[in-house]
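Since the structure comes first, as structure tokens, the remarks are kept for the end.
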Amino acid sequence: MSREFNVGVLGATGAVGREMLNCLLERGFPFKKVKPLASQRSAGKKIEFDDGELTVELAQPKSFDDLDIAIFSAGAKASGEFAPIAARSGCIVVDNSSNWRMDPRVPLVIPEVNPGALKNHKGIIANPNCSTIQMLVALKPIYDAVGIKRIIVSTYQSVSGTGQKGVEELAEQTKNLFNGVETKNKVYPHRIAFNCLPHIDVFTENGYTKEEMKMVNETKKIFDDQSIKVSATCVRVPVFYAHSEAIWIETGRPISPESARELLSRAPGILLVDDPSQNAYPLASEATGRDDVFVGRIRADISHDNGLSMWVVADNVRKGAATNAVEIAELLIRDPQLLKTDWKD
Ligand code: NAP
Ligand code: 3JN
């Protein structure tokens, strides 16, 4: 009989954690038991799972002793605290937060892009930021074929990137505006309904936001290429699910839009939707609930010989977070040599 695994989900009551539970079920992950973990706020709560219910447990150091793998989406602070404890107890952690992404001991993995980085993991593996994941899934085939020197990206990020509270704020403000009721800004510094906010995460000293710098630094680590130049502008838009990105690249050698389309049409994880004559291009409404990265509007840049532009859309809660993490766990259980931990502080 093939092996079954004890799997923990830290942050199981959150927007990403709930989707992680769905992904484990939908993808037929071979679990013996699933343990949902959260803070004191939700301990004891029942959550639906696989025609039944699970009881949420308080995350504490001993929670990981009986687990083989734990998928974390409880924020950077909880990851910083619990991931080393879990790894030391023999439980491999796939972490969705930014806490470990740039740590040299921790592989930062997108299964379609750099699965080989898992080889020397020590028990903690990081999932990149959602905006980085969809961008690099789309760019990897072009990077491998002709090289990429420079990326300029503008994101149009949905409110679900801020969790359930972001979804509720957009719904509430939209309803209030239609009913002539004054709106309040609780989650974002300005009204998000019928607005665009060029501000995701906090501002850093160089004028970029932390979200923008995540895209820069994570790209260099995942492509293992310190020379690639990246500049991002991250914008929150009044869309509930799925992030869109306008991406411009300067390639190492020229590539025609036709060749790029050909490459992308057979690349894993990508759905090419690129037929302007039929008004066919990627849309957040179509990508919601899906695991593919949708790519379209591929065109040669009329202002630069080696420039190529495209429009890339993916469900940020699924491929941008939960699905990518479960796919990493699937790679781990497929290779017995990866099923170990060796974490030292
Ligand atoms: P959310 O809806 O606010 O959920 C947060 C979850 O974390 C809840 O289950 C909460 O449990 C739990 N939690 C918070 N502090 C905890 C603690 N000290 N110990 C145990 N559990 C704790 O947020 P979300 O949208 O799901 O995002 C969660 C995290 O996932 C983010 O903070 C981020 O690090 C990561 N994330 C990554 C991406 C990505 O780009 N890959 C995208 C979105 C989110 P309670 O119910 O007990 O409060
Ligand atoms: O805002 C988005 O669209 C993506 C948000 C990601 C996020 C939200 C809160 C904390 C992160 C992340 O994954 O980088 C974090 C974090 O862990 O720093």
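The values are calculated or read from the model by the stated rules, or taken from the named source; none is laboratory data. All values derive from a computational prediction rather than experimental measurement. Positions of Cβ are backbone-derived with ideal geometry, glycine not excepted, and every protein chain shown enters the neighbour counts. Ligands, DNA and RNA are stripped out before the accessible areas are found, and what is left, the full protein with its side chains, is counted by its heavy atoms. Shrake-Rupley method; radii C 1.70, N 1.55, O 1.52, S 1.80 Å.
Out of the GluC sites (Glu not before Pro) in the stretch 132-194, which ones are loop residues according to DSSP with at most 14 other C-beta atoms within 10 Å? Taking the stretch 132-194 and a limit of 14 other Cβ atoms within 10 Å, the loop GluC sites (Glu not before Pro) found are E182.
Under 14 Å from the Cβ of R261, count the other residues' Cβ atoms, weight Lys and Arg +1, Asp and Glu -1, and hand me the total.
Working: positive: R266, R297, R299; negative: E258, E262, D274, D275.
Neighbour charge sum, excluding R261 itself: -1.
Scanning residues 5 or more positions from T233 or on other chains, those with amide H under 5 Å from its amide H are V153, S154, T155, with H placed 1.01 Å from N in the peptide plane.
For the stretch 1-115, taking the reciprocal of the average inverse distance between every pair of different Cα atoms yields a Kirkwood hydrodynamic radius of 14.5 Å.
Looking at the stretch 30-174 alone, DSSP beta bridges between its own residues are antiparallel in about 30 percent of cases.
For the stretch 227-345, the Cα-based Rg and Dmax, in that order, read 17.4, 57 Å.
Working from Cα pairs under 8 Å separated by at least six residues, relative contact order for the stretch 1-146 is 18 percent.
Farthest towards the positive end of the charge dipole of the chain, among the residues G14, L177, F64, is the Cα of F64, using unit charges on the Cβ of Lys, Arg, Asp and Glu.
Based on DSSP H runs of at least 4 residues, each adding -39500 (n - 2.57), what is the mean residue ellipticity at 222 nm of the chain after dividing by all its residues, to the nearest 500 deg cm²/dmol? Mean residue ellipticity, 222 nm, calculated: -8500 deg cm²/dmol.
Annotation: the antiparallel percentage among DSSP beta bridges lying fully within the chain is about 45. When only Cα pairs below 8 angstrom with a gap of at least 6 residues are kept, the chain shows a relative contact order of 19 percent.
Could you give the size of the charge dipole of the stretch 216-345 about its Cα centre, using +1 on the Cβ of each K and R and -1 on the Cβ of each D and E, expressed in debye and rounded to the nearest 20?
Values: 15 positive and 20 negative charges, 37 e Å.
Dipole of the stretch 216-345, to the nearest 20 debye: 180 debye.
In a solvent-free Debye calculation with one equal scatterer on each Cα, what is log10 I(q)/I(0) for the stretch 252-317 at q = 0.12, 0.23 Å⁻¹, listed in the order of the q values? Calculated log10 I(q)/I(0) at the listed q: -0.32, -0.98. Only Cα sites of the stretch 299-345 enter the Debye sum here, all with the same form factor; the resulting log10 I(q)/I(0) across q = 0.30 1/Å is -0.99, listed in q order. Largest accessible area first, the listed residues R299, R3 line up as R3, R299 when surface is computed with a 1.4 Å probe on the assembled protein chains.
For D50 and Q337, compute 0.36 nm times the residue count separating them, minus their Cα-Cα distance, and round to one decimal in nm. Intermediate results must be reported in sequence, preceding the final value.
Numbers: separation 287, 0.36 × 287 = 103.32 nm, distance 3.02 nm.
Stretched out fully, the D50 to Q337 stretch lengthens by 100.3 nm.
Measuring how big the chain is from its alpha-carbon positions, Rg and Dmax come out at 20.2, 62 Å. Placing pseudo-labels 7 Å out from each Cα toward the beta carbon at K184 and N120 gives an inter-label distance of 5.3 nm. In this structure, the pairs whose alpha-carbon distance is over 22 Å, taken from K186/K210; K77/K122; K119/K340; K229/K319; K62/K210; K149/K220, are K229/K319; K62/K210.
Length available on full extension from A171 to F240: 0.36 nm per residue minus the Cα-Cα distance, which gives 24.0 nm.
Grab the Cα-Cα distance for K77 and D225, subtract it from 0.36 nm times how many residues apart they are, and report the gain in nm with one decimal.
On the way: separation 148, 0.36 × 148 = 53.28 nm, distance 2.85 nm.
Gain on extension, K77 to D225, equals 50.4 nm.
Loop only by DSSP, 11 or fewer other Cβ within 10 Å of the Cβ. Give me the trypsin sites (Lys or Arg not before Pro) in the stretch 58-140 that pass, ordered by residue number.
Numbers: sites: K62, K77, R88, R101, R105, K119, K122; in loops: R101, R105, K119, K122.
Of the trypsin sites (Lys or Arg not before Pro), the ones in loops of the stretch 58-140 whose Cβ has at most 11 other Cβ atoms within 10 Å are K119.
For the pair the stretch 164-228 / the stretch 55-133, the C-alpha centres are spaced 24 Å from each other.
For the stretch 127-196, which trypsin sites (Lys or Arg not before Pro) are in a loop by DSSP, counting at most 13 other Cβ atoms within 10 Å? Numbers along the way, then the final one.
Numbers: sites: K149, R150, K165, K175, K184, K186, R191; in loops: K184, K186, R191.
Those that pass, being in a loop and sparsely packed, are K184, K186.
Taking amide H atoms as placed 1.01 Å from N in the peptide plane, the amide H of N6 lies under 5 Å from those of K32, K33, D68, I69, each 5 or more residues away in sequence or on another chain. Inter-label distance, K33 to D305: 6.5 nm, where each label sits 7 Å from its Cα along the C-beta direction.
Based only on Cα atoms, what Rg/Rh ratio does the stretch 232-276 have, Rh being taken as Kirkwood's radius?
Working: Rg = 13.7 Å, Rh = 13.4 Å.
My calculation puts Rg/Rh at 1.03.
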